[in-house]
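Values in this text are rule-based calculations from the coordinates and carry no lab data. No experiment lies behind these values; they were computed from the predicted model shown. Backbone-built Cβ (ideal geometry, glycine too); neighbour counts: all protein chains shown.
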Amino acid sequence: MDQLSSTFAALADPTRRAILARLTEGPATVKELSEPFDISGPAISKHLRVLEKAGLITRGREAQWRPCQLDATPLKEVAVWAENYRRFWDASYARLDALLTEMKETDR
């Protein structure tokens with residue numbers, strides 16, 4: 001699977017997106033990441049493996065704990081991909097604005 005597909009697959013799950021949002025605040029342990037969710041430890045670990053495989057997180061080793069840390073590098077490829085669609089929507093809104101302006105002038 002290519003990197004963009006792996007990133008989108010990882011982002012498809014709301015739990016994984018919430019984990020990434022938490023990691024924007026800084027590194028966290030698996031226990032800290034699992035606190036807001038009513039799911040098992042193994043389920044959180046599975047989500048973390050998906051995020052790690054997609055390159056969105058890294059896991060360190062500090063004494064007895066393995067903190068997870070956000071690695072947003074793969075999100076840059078998502079942003080580049082989405083940029084084409086932003087340009088499409090900007091152009092569509094510009095055409096809509098022009099049409100609305102024309103309609104207002106016609107009504108006057």
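Computed quantities for the displayed model
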quantity	calculated
For Asp2, net neighbour charge (Lys/Arg +1, Asp/Glu -1) across residues whose Cβ lies under 15 Å away	+1
Residues Phe8, Phe37 arranged by fewest to most Cβ contacts within 10 Å	Phe37, Phe8
Mean projected area in nm² (Cα convex hull; one quarter of hull surface) for segment 1-96	7.7 nm²
Helix 14-23 vs. the chain, principal-axis angle (Cα, 0 to 90°, nearest 10)	80 degrees
Angle in degrees between helix 41-53 and the longest Cα principal axis of the chain, rounded to the nearest 10	60 degrees
Sequence-distant lysines (8 or more away, or on other chains) whose Cα lies within less than 17 Å of Lys76	Lys53
Residues Trp81, Trp65, sorted so that the one with the fewest Cβ neighbours within 10 Å comes first	Trp81, Trp65
Relative contact order for the chain, counting Cα pairs under 8 Å that sit 6 or more residues apart, in percent	27 percent
Neighbour-count ranking [beta-carbon atoms within 10 angstrom, fewest first] of Ser45, Ser34	Ser45, Ser34
Computed [θ] at 222 nm, helices only, for the chain once each DSSP H run of length n ≥ 4 contributes -39500 (n - 2.57)	-21500 deg cm²/dmol
Acute angle (nearest 10 degrees) that the helix 73-107 long axis makes with the longest principal axis of the chain, alpha-carbon atoms	20 degrees
